[in-house]
Amino acid sequence: MDTHAHTLLSKDVPSKTPDQQRVKTVVQDLHRVLLDFMEKHKITHEEYRLATGILVNTVKSGEESLLYDVFLEAKATDIGNEGRAGSPEGIEGPFYLTGAPKLNAPHTLPQRPDESGDVLYFIGRVTDTDGAPIAGAELDLWQADAKGQYSNIHPDIPDWNLRGRIETDAEGYYEVRTIVPPPYEIPKDGPTGVLLTALGTPHFFRPAHIHVIVRHADHEPLISQLYFRGGEYTDNDVAHAVRDNLFTTFEPRSGSDGKAYEAKYDFVLKPKR
Ligand code: MBD
Ligand code: FE
């Protein structure tokens, strides 16, 4: 990861101004928990400086979001999913960028002429919580290439490669052609990898996945991340973010010559109040 600018673009200001009493309550409690923790373990000044150094290094290496997303994001997403109407959310991860190109039907995610990877058709339908189809819903998609790298983040990939925005048709259906992504390996040599090593992680992988944010003017946006049934590391994701209701049905696409697959997932959006 080499770009602080892109991190700034995507993780800029919170969309809502946080409630000041809520901020005070949770930050005070976090502070107390950390002080209790330091007392419990008799954290020395040397250890304290090591810890602040790790946080500084995450920023220097562009891993500040990666670190938190690997260790903490799934918990926030689970809490948001408690009692939630409509489809569950999945973790966003560190690599979302606003402003991906809008694509016209038939949709194909931007890719190099010789893009590696098996062809994948990602298809499904978007409905509301009453089952009514939602026409013109936007799916803002991003995924890794066959080497497990994301455009605009990792070097030597054309801008916006395997990132794009598509819309559902009049009956709420969508279809986009892309490639089957591989598992994603957290860099071993950055601060996140060093911490995982210290914890004795058996591997550094996340299972293959497709990221998508589904939006429609009259509905609440949905941040999702879909996995492939039977895929490697779906049982032991280093970010602990796989949930049973985030699997696509993944199968060979019938009638197509060569290797092609179809992954299907239907989204349910909840109306804005
Ligand atoms: C990813 O692609 C991702 O989605 C997360 C959560 C962490 C690292 C890489
Ligand atoms: Fe990802």
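Results, tabulated for the structure shown:
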read-out: Estimated [θ] at 222 nm from DSSP helical runs (n ≥ 4, -39500 (n - 2.57)) normalised by residues in the chain, nearest 500; value: -7500 deg cm²/dmol
read-out: Cut-off 20 Å (backbone N to label point 7 Å along Cα→Cβ of Lys16), residues of the range 93-110; value: 93
read-out: Gain on full stretching of the segment that runs from Val23 to Asp156 - 0.36 nm per residue minus C-alpha separation; value: 43.8 nm
read-out: Within the range 16-36, backbone nitrogen closer than 15 Å to the virtual label 7 Å beyond the Cα of Leu55 toward Cβ; value: 27-36
read-out: Solvent-accessible area per residue for the range 73-135 (1.4 angstrom probe, square angstrom); value: 49 Å²
read-out: Backbone HN-Hα couplings from phi across the range 142-151 [Karplus 6.51/-1.76/1.60, Hz, Gly and Pro as x]; value: 8, 7, 7, 7, 5, 8, x, 10, 9, 5
read-out: Added length on full extension, which subtracts the Cα-Cα distance from 0.36 nm per residue, Asp244 to Leu34; value: 72.3 nm
read-out: Pairwise centroid distance, computed over Cα atoms, of the range 69-120 with the range 201-263, Å; value: 9 Å
read-out: Full-extension gain in nm, Tyr173 to Lys264, via 0.36 nm per residue minus C-alpha separation; value: 31.7 nm
read-out: The chain - share of DSSP beta bridges that are antiparallel (%, nearest 5); value: 70 percent
read-out: Amide N proximity, the range 113-139 versus Asn104 label position 7 Å along Cα-to-Cβ, cut-off under 19 Å; value: 136-139
read-out: Accessible carbon and sulfur surface of the range 132-189 relative to its total accessible area, %, 1.4 Å; value: 47 percent
read-out: Relative contact order %, the range 66-153, counting alpha carbon pairs below 8 Å whose residues are six or more apart; value: 23 percent
read-out: Leading residue at positive end of dipole, the chain (Cβ point charges), from Phe71, Ser116, Thr129; value: Phe71
read-out: Among the listed pairs Lys102/Lys147; Lys75/Lys188; Lys24/Lys272; Lys102/Lys272, those beyond 26 Å (Cα-Cα); value: Lys24/Lys272
read-out: Given charges at beta-carbon only (K, R positive; D, E negative), |dipole| of the range 200-267 in Debye; value: 140 debye
read-out: For Ala217, net neighbour charge (Lys/Arg +1, Asp/Glu -1) across residues whose Cβ lies under 15 Å away; value: -1
read-out: Average Cα contact separation per residue, the chain, under 8 Å, 6 or more apart, as relative contact order %; value: 22 percent
read-out: Computed Kirkwood radius, in angstrom, where 1/r is averaged over Cα pairs of the chain; value: 20.3 Å
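The values are calculated or read from the model by the stated rules, or taken from the named source; none is laboratory data. These figures come from a predicted structure and were not determined experimentally. Virtual Cβ from ideal backbone geometry, glycine too; neighbours counted across all protein chains shown. Each accessible area value is taken on the protein alone, full model and side chains, heavy atoms only, with ligands, DNA and RNA left out. Shrake-Rupley method; radii C 1.70, N 1.55, O 1.52, S 1.80 Å.
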